[in-house]
1. Using a ≥ b ≥ c from the Cα gyration tensor of region 9-235 (square roots of the eigenvalues), is it rounded, prolate or oblate, where a/c under 1.5 gives rounded and otherwise the larger of a/b and b/c decides, a/b for prolate?
2. How far is helix 92-101 tilted off the main Cα axis of the chain, in degrees rounded to 10, range 0 to 90?
3. Work out, in µm²/s and without decimals, the Stokes-Einstein translational diffusion coefficient of the chain at 37 °C, 0.692 mPa s, Rh from Kirkwood over C-alpha pairs.
4. What angle, in degrees between 0 and 90 and rounded to the nearest 10, separates the Cα long axis of helix 552-564 from the longest principal axis of the Cα atoms of the chain?
5. Near the amide H of G60, under 5 Å away, which other amide H atoms are found, from residues 5 or more places off or on another chain, if H is placed in the peptide plane?
6. What list of ³J(HN,Hα) couplings, whole Hz, do you get for region 537-551 from phi and the Karplus terms 6.51, -1.76, 1.60, once you set θ to phi - 60° and write x for glycine and proline?
7. Compute the long axis of helix 238-247 from its Cα atoms, compare it with the longest principal axis of the Cα atoms of the chain, and write down the angle in degrees, 0 to 90, nearest 10.
8. Between region 413-461 and region 215-283, what is the C-alpha centre distance in whole Å?
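Just so it is clear, none of the values below were taken in a lab; they were calculated from the coordinates. Model, not experiment: these values are computed from the prediction.
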Amino acid sequence: MRNAEAGTLAELVQRQWGDHRVGLSGQDFALSHHQVAAGAAARAALLVDLLPRGAEPHLGVLLDNTPEFPLWLSAAALAGAAVAGINPTRRGPELARDILHTDCRVLVTERAHLPLLDGLGLPGVRVLVTDPDNAAYAELLAPYAAAEPGDATLGPVGPGSRLLLYFTSGSTGAPKAAICTQGRVAAAGASLVRHFGVREDDVHYICMPMFHGNAVIADWAPALAGGAGVALRRRFSASGFLDDVRTYRATYFTYVGRAVQYLLATPERDDDREHRLRLGFGTEAGAVDAARFEARFGVRLVEGYGSSEGGAAIQRTPDTPAGAIGRASPGDDLAVVDPDTGKERAAAVLDAGGRLLNGADAIGELVNRGPSPFEGYWHHPEADAARTRGGWYWTGDLFFRDADGFLYFAGRTDDRLRVDSENLAAAMIENILARWPDAAGVAVYAVPDPVAGDQVMAAVALRDGVSFDPVGFGDFLASQPDLGTKMAPRFVRVLRQLPVTATNKIHRVALRREGFGGGEGGDEASGEASGEASGEVWWAEPGRSGYRRLTEADRTTLLARYGHHGRAGLLTP
């Protein structure tokens, strides 16, 4: 195993020089480690000449997972510049805002994304179109072909040099650009190399989008630190996953959001276990789907915890129980507290099957009361202050802690529900609903109650060939010992697929926006491209047992109740 320690990402790029093993590959390309370093050096020299003197050393990268993405990340590291990962699902003024807010003077893109820029008006931004057959781009790079790593920099490059400006995916307001330095990325890569034993003959498969921190920090950086190869998939494909893993002889991948559910939803094959893949590392798969994934593919999934902001780290140890993330890392003072009062929450009580029995008392927000590696948001002092109020780092994530100090993820603070004066965590209800054999995916979220607080609503994507059985669903809920009396969904939206964002996270904004509206006998398609939920809605009418379809007459009656109590304005059309 290569020595993974390095003070900067630039040092890790420089180490590739002279290494002629395959370092970066994809559907129609293969580059050696040396070619990656040489290509990065050429782009670094070009970047130094393109960036105006005195301007922020920032470039935007609006690309799918093409080889140009890691090449420009490497170039930025060598030059002492920073990359803003630009989300190609953003549109119009929102997209322009992301580019201009991060002070990008160069925007690296491809022909497929040029229509997104039409009419935006990006003053002072130089656009580079990097398609392999673009003669103008090749001509621009040609004078720098002989450059070597370290030849061209914008100034001294050190651990504190800004490297990433990666947008967070908050549910409200404009996304915030979290700052990440070269030292933090290099340290994260080295830590994962040690933790997972990354070797030079490993291949890291990157199928999550590189404009998101997961793919860069948890997949690309440890490959760079350990000398492993990287295989790129332009965009995530559940149907192409297994073929890719075999073609590139991949040993490791990362995932976020619902990617694991999509993989499990593909038809089973006789060769599901014929591959070199040994580990998946990510978030939000859930214990049920992680067990299903290992049983089917023979691959262990390790749930991690982290974000582009950093701020708090949880360390997984060999004795970490199933379902837990791990314990606080040495030097961290992590606590689970009431988000409103800051008072520490009670220790979790778990049954023999690991199910939480006292969620109302145990679930709270995870805070770091010690020194935090959080490096701030770009030009957003209000958000910085909210993250670090009272001298603590507030993660915005819900957790609970057992009596032995192991921490369990319970959702986002934005996904709290307050039902009959009791705080509930959406993720905990999702984990229970995920046990239902007919469910391919579930999402739980709040809809306003007509009188006060919230009601629980669930979106359920059914497995192929299955129809919603309201009696069977009700019987399933009644048999779950850890489903509290206030956790059962009042409304259930039945879908073929859950709507998702570009990073495969559930599109909760779209689900909340639709609430219990529409869907009577409607199209059950996911509406992924449009952000619509669709599907049909079932409900458990108060005072009656079981679930039945929600009719237009029911909706009319419900809306009248909201209006009577002055809460109709809480329902988004």
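1. Since a/c stays below 1.5, the shape of region 9-235 is classed as rounded.
2. So the inclination is approximately 50 degrees.
3. Estimated diffusion coefficient is 132 µm²/s.
4. 90 degrees
5. Here the answer is A84, R105, V106, L107, V108, since their amide H atoms fall under 5 Å of that of G60.
6. These are the phi-based 3J(HN,Hα) values: 10, 10, 8, 9, 5, x, x, 10, 8, x, 10, 9, 4, 7, 9 Hz.
7. Helix 238-247 and the main axis of the chain meet at about 40 degrees.
8. Between the Cα centres of region 413-461 and region 215-283 lies a distance of 30 Å.
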